[in-house]
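Encoded as structure tokens, the structure appears first; notes follow it.
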Amino acid sequence: MRTGFLQRRWFHVLPGGGCAAVLILAALVLAGAAAPEPAPEGTEIKVERVPPVREKLSTLRFLRENRDFIRARLDRLREKPVGGDASAPAIDPRFLAYQGLLAEVRVAQDTVAAVEDARARQHLLESITELGDLEARLGWMERLVVEQRNRLMSLESDFTGDQRTTLMIVVSGYPSDAAVEELAITIADGDTLHVPLSAEQRESLKRGGILEAFHGFVEPREQVVQVTITGNSWPAGDSGFITLGPARDRLTFLKLDLSTIRPARGAASIRATTWLHEGESHSAGG
């Protein structure tokens, strides 16, 4: 899309200034102003009535295939009474001497531990002069780690750059047989954006104006946009689902044409069109 087209046709309908925008547009038409350049043809996107179904992998497949084998093994774990003699045999006298042997072992261990502790203390005193060299080595290794981290950060910055993947959703047209009071837009199971349509905005859409509903950053992956229409003639909870994949570091436009919708067909009758901006991606907001 060319920038000139954005400057001449695309405008915001703001509270308190909608009437002025409509009067300016009518004045340009009556004055015979030059016709704006036609909008670029986009790619139509199918609007589904239900969310896309994601196939789930079956679980517990091993237990189902081997159910009979597992039950057979569990049956063998049941307790079964067996016969036996419950009388206690005589204790071997050697077992009674084990406590004395264990006490002698603990005394010997204490002696060895005392000797090992004395040797370790002596070794610590002898190696106290090596602590300075160890600290110097640790400082050198720390400097190497910092330098390596800085090199990795530089490479990451050069590789990823400043990613600014943005999405702009605009609304055009207006149904001829039913009133639309509000649009609810949800992007990728996130927060729902409610866009109420005032009388000035509805009149502007009828005269060919375009309303910006959303402009913000999104992830460069497949996104599912849910659009819900609110009004007296529209069924409650009826939504349309649009699947699109925003390009990385580009500005993607999604146009919702309301002139094709009918209450009998619901939100799935919205005509959705998407295209990429020819220039660089703009930051969100504004």
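The values are calculated or read from the model by the stated rules, or taken from the named source; none is laboratory data. The shown structure was predicted, so the numbers you read here are calculated from the model rather than taken from an experiment. Here Cβ is always computed from backbone atoms with ideal geometry, including for glycine, and neighbour counts include all displayed protein chains. Calculation scope for accessible area: heavy atoms of the full protein, side chains included, ligands and nucleic acids excluded. Shrake-Rupley method; radii C 1.70, N 1.55, O 1.52, S 1.80 Å.
Numbers for the structure displayed
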| item | result |
| --- | --- |
| Largest to smallest accessible area among Ile187, Ile270 [probe 1.4 Å] | Ile187, Ile270 |
| Simple label model, 7 Å out from Cα along Cβ direction - Glu44 to Thr192, nm | 2.9 |
| Sequence of Ile169, Ile91 from largest to smallest accessible area, 1.4 Å probe | Ile91, Ile169 |
| Computed label-point distance, nm, for sites Ser154 and Arg119 using a 7 Å Cα→Cβ extension | 5.1 |
| Sparse-neighbour loop sites [trypsin sites (Lys or Arg not before Pro); the range 75-160; at most 13 other C-beta within 10 Å; DSSP] | Arg76, Arg78 |
